[in-house]
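Quick notes on the structure that follows.
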Amino acid sequence: MVEEVRNLAQRSAQSAKETASKIEDAIQKSQNGVIISARAANSLADILDKARQMDALVAEITTCSTEQSQGITQVNTAVSHMDKVTQSNASSAEKSAAAADELSAQALARQQSVAELRQLVTHQVTSHDLHAVRMQPR
């Protein structure tokens, strides 16, 4: 019976050691789990921070794109206006050129009329008549 008690005590001691070892192992694993959880929480916080930064950048890009689109619209409007002004100037230049051609033709016709008039006057007026014209009081 003493032998049985001794065996029972030894098995009980062995079980206690195994239980203590398992408890220590569980505590160690729990501590490791806490460390891993903390790292995961930090990583998730970093991901959240980066996602917020990305959101801000996308919002800024959207704003810039809208402003750029408005600027392009303004440039297109200005170019269209410049095109109309250029067309108007070209039309005015064509009209001016046509008017200048007409005036040039009229001036040439006047020169020819004056030349004909001079020729008529030169052939009809005698030197005596010229002398009389020069002698008249002014």
Legend entry - Only listed residue being surrounded by 10 or more Cβ atoms within 10 Å (Cβ to Cβ), at pLDDT below 95 and among the hydroxyl-bearing types (Ser, Thr, Tyr), chosen from Ser15, Ser65: Ser15
Inset, instruction - Run His123 past the list (1) modelled with pLDDT under 95; (2) surrounded by 10 or more Cβ atoms within 10 Å (Cβ to Cβ) and report the number of the one that doesn't hold. - result: (2)
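The values are calculated or read from the model by the stated rules, or taken from the named source; none is laboratory data. Here the structure is a predicted model, which means the values were calculated and not measured. So basically every Cβ, Gly included, is an ideal-geometry build from the backbone, and we count neighbours across all protein chains shown.
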